[in-house]
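The values are calculated or read from the model by the stated rules, or taken from the named source; none is laboratory data. Source: prediction; values computed, not measured. Here Cβ is always computed from backbone atoms with ideal geometry, including for glycine, and neighbour counts include all displayed protein chains. Surface areas here come from the heavy atoms of the whole protein model, side chains and all, with no ligands, DNA or RNA. Shrake-Rupley method; radii C 1.70, N 1.55, O 1.52, S 1.80 Å.
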Amino acid sequence: MKTIFKPLMMACLFAAISCNQNKQAEPEATDNSNTEQSVGQEGVVDDTSNPNIVQVAVKSKDHTTLVAALKAAGLVTSLSNAGPFTVFAPTNAAFDKLPAGTVEDLVKPENKQKLVTILGYHTYVGGLKTDYMQDGQTYEMVTPQKVTITKKDGKTYVNGSEIVASIETSNGIIHVINDVLLPK
C-alpha cells in the first residue's frame, strides 16, 4: 500500500503545483465605450484566401459607383457572405448612361428600398457560369423578377447587355456588364 501511496501523493502534488502556476489572472473590467463595434463578414481581413464579390468590386476602378450603391443600400454584408452569388455588375460607364441625377437620387436614404430592388435585380443566388448559360434561359433574381440570357456569335448577354468579363470569387461570380439592368 505504501508503494502505491507515495507515487499517488507525488502526482497530486505535481498537479496542484501545475494548476497554481497556470492560473490566469481574472480579466479586469474595461471600459468598452471607446472600442469599435464588431463588423460582419465584410470586415474580415484575410490576405491568403480568394477575395469575395465585394472585395473584388472595391478594388476595381470601374465599379466605384456600384460599390457606393451597395453601401447606400446596406448590401455589403449580404454580398460578403458565403453565397454562392452571381452578380451582373454594371460598370461606372453603365451608371453614366442613366439620366442625369438618377444615381444621386437613388443613393438618398429615402430611396433605399428602390435601390435595393435595382441591385437585387442584378443578383442571383447561385453560381452561374457563362459556359452553362443557354440561349433563352431565364433566371429569377433576388427581386424576384427574371432576367433572360441570349447567346449570339459566341457572346453571352443578359437582358441584351453583353457580359464583357467574368470574375470568379470566393463566394460566387461577377459578370461585368455595360448597362444597368432595370426591373420592369
The range 126-146, residues that are outside any loop (DSSP other than H, G, I, E, B) and either without any contact (Cβ under 8 Å) to a residue 12 or more places away in the chain or exposed (fewer than 14 other Cβ atoms within 10 Å of the Cβ) (or both): ASP131, TYR132, THR138, GLU140, LYS146
Members of the range 150-177 that are open to solvent by 60 Å² or more (accessible area, probe 1.4 Å) and under 15 Å from HIS63 (Cβ atoms): VAL164, SER166, ILE167
Residue match in the range 86-94 (condition: in contact (Cβ under 8 Å) with a residue 40 or more places away in the chain, more than 19 Å from PRO183 (Cα to Cα) and among the hydroxyl-bearing types (Ser, Thr, Tyr)): no
Hey, THR117 closer than 16 Å to THR148 by Cα, out of contact with any helix residue (DSSP H, G or I) (no Cβ under 6 Å at 6 or more places or on another chain) and either surrounded by fewer than 16 Cβ atoms within 10 Å (Cβ to Cβ) or not aliphatic (A, V, I, L, M) (or both) or not: no
Search result, residues across the range 128-145 that are charged (D, E, K, R) and closer than 18 Å to ILE173 by Cβ: LYS129, ASP131, GLU140
Failed condition for VAL180, given (1) open to solvent by 40 Å² or more (accessible area, probe 1.4 Å); (2) assigned to a loop (DSSP other than H, G, I, E, B); (3) closer than 20 Å to LYS61 by Cβ: (1)
Some residue of the range 144-165 being in contact with a helix residue (DSSP H, G or I) (Cβ under 7 Å, 6 or more places away or on another chain) and at pLDDT 95 or above: yes
Among residues of the range 151-171, those that are in contact (Cβ under 8 Å) with a residue 40 or more places away in the chain, among the hydroxyl-bearing types (Ser, Thr, Tyr) and either part of a strand (DSSP E or B) or farther than 18 Å from PHE85 by Cα (or both), counted: 2
